[in-house]
């Protein structure tokens, strides 16, 4: 009983730490890009639950090799504070900064001081998903923007595994079939709780969800680590 209490207490503390780690002063979501002639319009929503004061928003881009591109000719100026709200935008005249714009450039917006920005945990976050499916997602990103919530993965994985385990325990063979001389001809057919091979399919699907979550969290964590290293190191590239 003491061990079980300690495990529950540990899980509660880890979840609390995860939720606190992703609660930054300002949150950016719904980022959209629109290309018009030689200008790129970056639209986004800027929200804050703790403060309604204007804040500076820095626009960066990274490519598939995680090289960082810092636009210069932008409006409004990155030093000008922006009030929280929907449909905020930054216009970049990329033709003045770069010879050409590549399709593999991805925007990254940082509100406030870049040194205090929460990039999310690295690949080590996958260890939390090893412990509980879905848990690592709280450490690698803002779960409020995820269509499939972490708790859905937890319930889905555990639920399918438990259903499969129950189905395996309820499975039994029917009475064997005997020949005319009274000898056993063949074993009776299996009686499944839900459907044929239900236990294997249910348990396998639950484990697949669990493993997939671990892999995806590790990929996202690796993404976070590379962005953090290159942005804070400011390995700036221009074309």
The stretch 20-165: relative contact order from alpha carbon pairs under 8 Å, six or more residues apart, as a whole percent, is 22
Suppose R0 equals 30 Å; then what is the FRET efficiency for residue 148 and residue 53 from their Cβ-Cβ distance, rounded to the nearest 0.05? 0.35
Please say if the stretch 110-164 is rounded, prolate or oblate, where rounded means a/c under 1.5 for a ≥ b ≥ c the square roots of the C-alpha gyration tensor eigenvalues, and otherwise the choice is prolate for a/b larger than b/c and oblate otherwise? oblate
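Rule-based calculations on the coordinates, nothing more; no lab input. Everything numeric in this text was worked out from a predicted model, so none of it was measured. When we count neighbours, we look across all protein chains shown, and the Cβ atoms used for this are built from the backbone with ideal geometry, even at glycine.
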